[in-house]
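Undergrad: My questions all concern the structure below.
Just so you know, all these numbers are worked out from the coordinates, no wet-lab data involved. Here the structure is a predicted model, which is why all the values come from computation and not from measurement. So basically every Cβ, Gly included, is an ideal-geometry build from the backbone, and we count neighbours across all protein chains shown.
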Amino acid sequence: MNIESTIDWDEMFEYLPGTIVELKNNPGILHRIDYYEAMMVPPIWLVDDPRPRYPSELQIVSRREVPVCQLESQPALA
């Protein structure tokens with residue numbers, strides 16, 4: 001079994017740590033995604049929730065504060 005082929009990369013990048021979501025069955029209360037664990041079912045852990053969640057349970061509210069990558073200036077080679 002090839003584990004790499006079972007990872008849903010699109011879903012993983014949609015539910016990045018720091019993304020603000022709300023539970024569809026409890027709208028109006030915001031949660032922040034702590035991490036996405038690709039090898040777990042359900043894969044999404046929230047900062048303030050002790051149980052993992054499925055993407056179908058969540059509604060993405062904002063990705064504004066999601067750190068996708070760090071850019072650092074580097075000296076140019078002469």
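Undergrad: Points 7 angstrom from Cα along the Cβ direction at TYR35 and ASP49: gap in nanometres?
TA: 1.8
Undergrad: Rounded to the nearest 20 debye, what is the charge dipole size of segment 9-62 about its Cα centre when +1 sits on each Lys and Arg Cβ and -1 on each Asp and Glu Cβ?
TA: For this selection, approximately 140 debye.
Undergrad: In percent, how large is the relative contact order of segment 9-62, given Cα pairs closer than 8 Å and 6 or more residues apart?
TA: Over segment 9-62, the number comes to 34 percent.
Undergrad: A follow-up question, please. Obtain the nm distance between the two label points defined at ILE20 and THR6 by a simple spin-label model: each point lies 7 Å from its Cα along the Cα-to-C-beta direction.
TA: Going from the ILE20 label point to the THR6 one covers 3.5 nm.
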